[in-house]
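The values are calculated or read from the model by the stated rules, or taken from the named source; none is laboratory data. None of the values given here were measured: they were computed from a predicted structure. With ideal geometry, Cβ positions are generated from the backbone for all residues, glycine too; neighbour counts draw on all protein chains shown.
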């Protein structure tokens with residue numbers, strides 16, 4: 001029993017349509033590969049699905065551009081001319097916009113003002129005043145932000161300094177050197193930190209010579225244990 005003919009029309013169900021496209025696309029690519037191998041043909045194949053996905057195949061011995069150039073040569077048509085004209089139109093619009101912006105910049109710098117009417121000059125003045133206000137606001141914002149940042153840094157440095165001072169005072173309170181009294185007969189207290197410190201007192205007394213001729217210029221002092 002032979003297969004029935006399938007009516008060629010758009011498949012309404014999107015899932016069935018995508019499945020059919022995938023199957024038939026694979027079949028077309030297979031046939032193109034067979035033509036390339038069996039007949040030494042140069043095949044260029046482009047397919048775009050309903051979801052705008054591009055699928056392509058080109059023979060290993062050629063490129064899409066080579067096939068398109070061959071087509072233009074044989075058919076006498078120019079595939080790139082419409083695209084080139086469109087690019088030229090876009091380039092012309094960009095040049096006009098560029099010239100207009102350059103002219104506005106010159107006018108804001110006080111140049112090319114002769115062709116402007118009174119109303120245009122007033123409008124230019126208002127625009128420049130708005131621009132100055134925006135620049136001034138931005139400047140104040142930058143200054144305020146920088147000031148706040150520096151204030152935070154100064155506060156952090158002050159807190160660090162206070163912490164270091166407290167730590168230094170605590171260490172100084174735990175360990176102090178003995179003080180010396182230099183009034184009259186002074187004593188020197190020396191402690192040895194070996195678990196049982198012993199304190200020695202020394203007294204320095206002047207030693208006088210009976211013979212003034214033998215007296216030293218600055219006198220001498222005797223050091224003895226008190």
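Overview of values
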{"read-out": "Residues located in region 62-108, provided they are under 20 Å from residue 35 (Cα atoms) and either assigned to a helix (DSSP H, G or I) or at pLDDT below 90 (or both)", "value": "64, 65, 66, 67, 68, 70, 71"}
{"read-out": "Qualifying residue in region 32-42 (condition: outside any helix (DSSP H, G or I) and either surrounded by 13 or more Cβ atoms within 10 Å (Cβ to Cβ) or in contact (Cβ under 8 Å) with a residue 40 or more places away in the chain (or both))", "value": "yes"}
{"read-out": "Every pair of residues 6+ apart whose Cβ atoms lie under 7 Å, when the first sits in region 6-23 and is surrounded by 10 or more Cβ atoms within 10 Å (Cβ to Cβ) while the second is in a helix (DSSP H, G or I)", "value": "11/17; 11/20"}
{"read-out": "Inter-residue pairs, beta-carbon under 7 Å, first farther than 17 Å from residue 129 by Cβ and in region 100-114, second in a helix (DSSP H, G or I), 6+ apart", "value": "112/103; 112/106"}
{"read-out": "Residue in region 44-52 that is surrounded by 10 or more Cβ atoms within 10 Å (Cβ to Cβ) and in a loop (DSSP other than H, G, I, E, B) present", "value": "yes"}
